[in-house]
Amino acid sequence: MSASSSTIPVAKPVLGEEEAEAARRVILSGWVTQGPEVAAFEREFADFVGAAHACAVSNCTTALHLALKAVGVGAGDEVITVSHSFIATANAVRYCDGVPVFVDIEADGYNIDASLIEAAITPRTKAILCVHQLGMPCDLRSIVEIGRRHKIPVIEDAACATGSEILWDGRWEKIGKAHGDIACFSFHPRKVVTTGDGGMLTTANSDHDRKFRLWRQHGMSVTDAVRHGSKQVIFEDYDELGYNYRMTDLQAAVGREQLRRLPQLIAQRRRLAELYRKRLSLLPGLSPVEPRWARSNWQSFCVRLPETADQRAVMQALLDQGISTRRGVMNIHLEGAYADRNSHRAASSLMRSVSAQRQTIILPLYAQMTEFDVARVVEALYAALAEVAAPNGSAQPGLDAALV
Ligand SMILES: Cc1ncc(COP(=O)(O)O)c(C=O)c1O
């Protein structure tokens, strides 16, 4: 790395004076958890995605747990999902003592192959848990139709997809507008907007929403806001097992500011993704493809390396140039936590999932990136590919041209 070039991280949240001021406002108000800021964030998020209900929780993993519980996933029940996802997707099924049933991803993307779902359905199937991986909407239309046909609820793991859109009955709609039964979002700092940690559940079903609110606060029959505002003494009950999955008002206040920034953040990310795509077009097949009916928020920009390239070596070469990357999305079934054969079931070959984990890397993408940064990443990637694929000086076809 030359002394003049700064490092390029893989991701970077946009947090400024507005968020700092919002947190200060909450601290000085004296009400710091699940209070008015959480309620306002929920309303604003519901409006943003076009959902009837939005319930804030501590993170997306807890959101997934509550969503699966709400549709009745219990001991031995099967949930059809992907192995090619962050481990929390399948872990949430196991929190309910359910069995994640893995099917493979599409040939030309990183989302569930909807054509494999029906063959994976058994009398034990309790839900389909699809993932909008890296912010790219999955084939929700086909998945929802399968769910309806078999009377199986569809839960969307939309951890990465805040602000992503899907063409639905001829209109562009936000992910989370209750296309499936429940959608779960993450506000971890690697996501497009962040509250530090945080999550949200959206649904059109008021019964689900009521349960989320009950379970996120220990199963307590009366909320703090109601007790606080009451002129009568109220004793609460705990009739059901609940959890502490609350979001704090500090997080929610930051989230409201992030939501205000979101349209601009997505516009910047789309512009950067377009730049990447143009610059990477010298090596066809490297860039991710946006289906005609999907608009990604480009939470991550994942590229598929040529088969001859050594993923780790390419990543190291980039890191040596001060450019941070991550390997592509993991495969849950290959982790030690899933070594026990009873922990999951594979309902199809997972070959594409495995190959995607081995052959893809995530390039830096964050709203503050400049055109120059993108050019630097692409140049370093081409150089790394030439070096790694052809250590003896006989560069791979296409790379010579790309480097000119
Ligand atoms: C697809 C997916 N699901 C679930 C999660 C878990 O989100 P959280 O960290 O908010 O619990 C993540 C986080 O990276 C994710 O990428």
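The values are calculated or read from the model by the stated rules, or taken from the named source; none is laboratory data. Note that the structure is predicted; figures quoted are calculated from it, not measured. Using ideal geometry, Cβ is built from the backbone for each residue, glycine included, and neighbour counts are taken over all protein chains shown.
Odds and ends about this structure:
- Restricted to segment 132-151, and to residues there that are in a loop (DSSP other than H, G, I, E, B) and free of Cβ contacts under 8 Å to residues at least 60 places away in the same chain, the residue that is nearest to the ligand (Cβ to nearest atom) is His132.
- Residue match in segment 214-237 (condition: within 16 Å of the ligand (Cβ to nearest atom), outside any helix (DSSP H, G or I) and of a type outside the set (Gly, Ala, Ser)): no
- Residues that are loosely packed, with under 14 Cβ neighbours inside 10 Å and touching a residue at least 60 places away in the same chain (Cβ under 8 Å), drawn from segment 285-318: Val289, Arg292, Thr308
- Filtered residues of segment 178-190 (kept if within 12 Å of the ligand (Cβ to nearest atom) and surrounded by 24 or more Cβ atoms within 10 Å (Cβ to Cβ)): Ala183, Cys184, Phe185, Ser186, Phe187
- Filter pass, Ala70 being under 24 Å from Ile332 (Cα atoms), over 20 Å from the mean Cα position of the chain (by Cα) and surrounded by 14 or more Cβ atoms within 10 Å (Cβ to Cβ): yes
- The condition of being within 16 Å of the ligand (Cβ to nearest atom), in contact (Cβ under 8 Å) with a residue 24 or more places away in the chain and not β-branched (Val, Ile, Thr) holds for only one of Ala22, Ala67, that being Ala67.
- Taken together, Val79, Val93, Val26, Val10 contain a single residue that is surrounded by 15 or more Cβ atoms within 10 Å (Cβ to Cβ), of a type outside the set (S, T, N, Q) and either in the same structural domain as Ser348 (by TED's automatic domain parsing) or more than 25 Å from Ser353 (Cβ to Cβ) (or both), which is Val26.
- Extreme residue, farthest from Tyr366 (Cα to Cα), among residues of segment 195-211 that are surrounded by fewer than 22 Cβ atoms within 10 Å (Cβ to Cβ) and within 12 Å of the ligand (Cβ to nearest atom): Asp197
- Residue check for Gly16: among the small types (Gly, Ala, Ser), on the phi > 0 side of the Ramachandran plot and either surrounded by fewer than 17 Cβ atoms within 10 Å (Cβ to Cβ) or within 16 Å of the ligand (Cβ to nearest atom) (or both): no
- Which listed residue, of Phe41, Phe48, Phe86, is surrounded by fewer than 22 Cβ atoms within 10 Å (Cβ to Cβ), touching a Leu at 6+ places or on another chain (Cβ under 8 Å) and not in a strand (DSSP E or B): Phe48
For (1) modelled with pLDDT of 95 or more; (2) closer than 30 Å to Arg94 by Cα, each residue gets a yes or a no:
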site: Ser281; (1), (2): no, no
site: Cys302; (1), (2): yes, yes
site: Ala317; (1), (2): yes, no
site: Ser343; (1), (2): yes, yes
site: Ile361; (1), (2): yes, yes
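- Meets criteria (under 22 Å from the mean Cα position of the chain (by Cα) and within 20 Å of Ser6 (Cβ to Cβ)) for Phe301: yes
- Within segment 100-131, if we keep just the residues that are farther than 26 Å from Arg358 by Cβ and more than 16 Å from the ligand (Cβ to nearest atom), the residue that is surrounded by the most Cβ atoms within 10 Å (Cβ to Cβ) turns out to be Lys126.
- From the list Ile166, Ile175, Ile155, the one residue that fits, being touching a helix residue (DSSP H, G or I) at 6+ places or on another chain (Cβ under 9 Å), away from the ligand (no atom under 15 Å from the Cβ) and closer than 23 Å to Tyr110 by Cα, is Ile166.
- Hey, Asp97 part of a loop (DSSP other than H, G, I, E, B), more than 16 Å from Ile155 (Cα to Cα) and either within 16 Å of the ligand (Cβ to nearest atom) or in contact (Cβ under 8 Å) with a residue 40 or more places away in the chain (or both) or not: no
- Search result, residues across segment 268-287 that are of a type in the set (A, V, I, L, M, F, W, C) and part of a helix (DSSP H, G or I): Leu272, Ala273, Leu275, Leu280
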